[in-house]
Amino acid sequence: MLSSRLNSLKQLLLVLLISAFLFTAVASTQDNAIFLDQINSYERGYIPNWIEADVPIVFHIGTYAAENIFGVHGPFVIYSPDGATWQPIEANWAAETNWSALWDGAVTSVEFSATGENADSAYFAAFNIFGDGFLAGTTYIPREITTLVNSTQIGKQLCLDSVDNMRGNYWLWSAIDTEPDWSGPHCFTIEADCCQGLRADVNGDGRDVLLGNTLDLTYLVDFIFRGGPESPCSLEADLNGDGNSATIIDLTYFVDFKYRGGDYPASCP
């Protein structure tokens, strides 16, 4: 009986220590930033407005520490505003971050619906007693949230946001009601794997832009200025690869490439 009570007291002490560090971190991180840094293997800092169907999706979530941080917690949510479904999410500390060298303890947890039809939440928490934690003036990319959508969801959206905007859901572990300095929400249109080689097959006829095809240019002009149809592959219509499809910038980029010796269209992801 005495041994059981001692174990319970030890567990309670551990919870209190974690909570104390989390409260301290929340209270002192007003100038810190949490942000979506990268999706899959796209270039860091480049956040497209689409995600591919039938390909694992990995959201890499970063932290900028404006001051030394000895405890962190970061709850996030995956949801769809128009009824897309997805595979249950996974939450992990990124292996390359070497979290065990930064923190004395760290946990992740997820709560999800069996069908993926409701908002799924992912929770990250870490604390320190003896170590350094996140050092002031340093950027870390420690969190990964992974899921997958299949091709039946093409055209719908999947979104990533902080847990404070869970659209009616809630997270039971949240120690304090706070909204972090967060770059989201981020929403992405689910696309097919329609982009091949260099972009610029705006009309989807499969012809290579390097062969002198002008139909794609006409198609893009019709869409932008004459109310013509959208490109069947928005990735192909994002010629400069900035994450925004079929814009004036893409049209200018196309003309520069075609008639003025400008740069080649961006490669497909």
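Bear in mind that the values in this text are calculations on the coordinates, not laboratory data. This one's a predicted model, so the numbers in the text were calculated from it and none came from an experiment. Cβ: placed from backbone, ideal geometry, glycine included. Neighbour counts: every protein chain shown.
Worth pointing out:
- Between THR214 and SER109, the contour length at 0.36 nm per residue exceeds the alpha carbon distance by 32.6 nm.
- Residues whose placed amide H lies under 5 Å from that of ASP201, excluding near-sequence neighbours: none
- Highest average packing first - 68-74, 87-93, Cβ atoms within 10 Å: 68-74, 87-93
- Label zone of ASN49 (point 7 Å out along Cα→Cβ, amide N under 12 Å): in region 217-234 this covers 234.
- Ranked for footprinting exposure by Cβ neighbours inside 10 Å, fewest first, ASP201, ASP263 give ASP263, ASP201.
- Full extension of the chain between GLN87 and HIS186 gives 33.8 nm of extra length, using 0.36 nm per residue less the Cα-Cα distance.
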